[in-house]
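Read the structure below first, then the notes.
None of the figures in this text is laboratory data; all of them are computed from the coordinates on show. Being a predicted model, the structure only gives us computed values, none of them experimental. Cβ: placed from backbone, ideal geometry, glycine included. Neighbour counts: every protein chain shown.
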Amino acid sequence: MFEFSFVDLDDTLYNTYLLKEDIFNCFSNCGVTREDYRLSYNKAVHGPVVGYFDYTFKKHADILREMDYQIPDTIFEDLNNLMTKNYNDDEAENFILDLKKISNKVILLTAGKKDFQQQKINSTGLDKYFDRIVIIDGGKSQAIIDVAGQSNKILFVNDNLKENVKIKQDFPYVLVAAKKHKIAWEDDDYQINKDLPFFDSLIEIKDYAIRSI
């Protein structure tokens, strides 16, 4: 058994890339181009320190306004409605239920603006399965220490390659399994890090975790 299993939200359990596409569709109605959307989103999502996140719809809209787009306040109704949609990975619920069979504690560990992340979590309907939900703005290594203490039987499931590399460097004993982000990272990016296996699906990660106990 794992003592703790830490599972990421964005693009692991929750298809954030689909949410981002729907956000673009809202802003494109105001004339925002794909390239300006990409630039503004990247600026909006990151906090003042690399690896920290504080995205909100208002922050994003204000950045676009600074780029001379006319973004009416009425857009926030459409944007907020996106937070009630289900963007769950099809395998997410069964994956969490399977993890609970092989782990004493299953923790949702997600980085982002707290209120914004909580809305996404609420929309998944998965919150009831977790022993604890931890929302931080960044720095997952410290969060693992805060929750797991000196435990060395830990599973960490996440899509973000940079975060995964950091966790493995800080805690070599943690079993890190990457769910491949099909847009942000290429296979070659993952393969460079031989000790960080990556998978196309949550089912594959579950099977790998069971083999690794």
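Mind putting a number on the dipole of the stretch 1-94 about its Cα centre? Charges go on the C-beta only, +1 for Lys and Arg and -1 for Asp and Glu, and I need it in Debye to the nearest 20.
Using Cβ point charges on Lys, Arg, Asp and Glu, the stretch 1-94 gives about 420 debye.
Can you tell me what the convex hull of the Cα atoms of the stretch 47-151 projects to on average, as an area in nm²?
8.4 nm²
Report, as a whole number in µm² per second, the diffusion coefficient that Stokes-Einstein gives for the stretch 101-196 at 4 °C and 1.567 mPa s using the Kirkwood radius over alpha carbon pairs.
Rounded to a whole number, D works out at 89 µm²/s.
Which Cα, out of Tyr41, His181, Asn164, lies furthest along the positive dipole direction of the chain (beta carbon charges, K/R +1, D/E -1)?
Asn164
In degrees, nearest 10, range 0 to 90: what is the angle between the Cα axis of helix 202-212 and the longest Cα principal axis of the chain?
That helix lies at roughly 20 degrees to the long axis.
Could you tell me which of Phe53, Cys26, Leu13 has its Cα farthest along the dipole of the stretch 8-57 towards the positive end, charges placed at Cβ (Lys, Arg +1; Asp, Glu -1), taken about the Cα centre?
My answer, from the dipole projection, is Cys26.
Using only the Cα atoms of the stretch 16-82, what are the Rg and Dmax in Å?
Final numbers for Rg and Dmax: 11.2, 32 Å.
Could you state the angle between the C-alpha long axis of helix 92-102 and the longest principal axis of the C-alpha atoms of the chain, as a value from 0 to 90 degrees rounded to the nearest 10?
So the helix axis and the longest Cα principal axis differ by about 20 degrees.
State, as an integer percentage, the relative contact order of the chain based on alpha-carbon contacts under 8 Å between residues 6 or more apart.
Dividing the mean separation by the residue count of the chain yields 26 percent.
Residue by residue, what Karplus-based ³J(HN,Hα) values in Hz, rounded to whole numbers, does the stretch 154-163 have, using 6.51, -1.76 and 1.60 with θ = phi - 60° and x for Gly and Pro?
Result, rounded to whole Hz: 10, 10, 10, 10, 6, 9, 6, 4, 4, 5.
Scattering from the C-alpha atoms of the chain alone, worked out with Debye: what is log10 I(q)/I(0) at q = 0.18 1/Å?
Log10 I(q)/I(0), no solvent term: -1.31.
So how tilted is helix 114-124 from the main axis of the chain? Cα-based, degrees 0 to 90, rounded to 10.
70 degrees
Which of the pairs Lys58/Lys153; Lys59/Lys194; Lys128/Lys166 have their Cα atoms more than 31 Å apart in this structure?
Details: Lys58/Lys153 41 Å; Lys59/Lys194 38 Å; Lys128/Lys166 29 Å.
Check vs 31 Å cut-off fails for Lys58/Lys153; Lys59/Lys194.
Rounded to the nearest 500, what is the chain's calculated 222 nm mean residue ellipticity when only DSSP H runs of at least 4 contribute -39500 (n - 2.57) each, over all residues?
Value at 222 nm, helices only: -14000 deg cm²/dmol.
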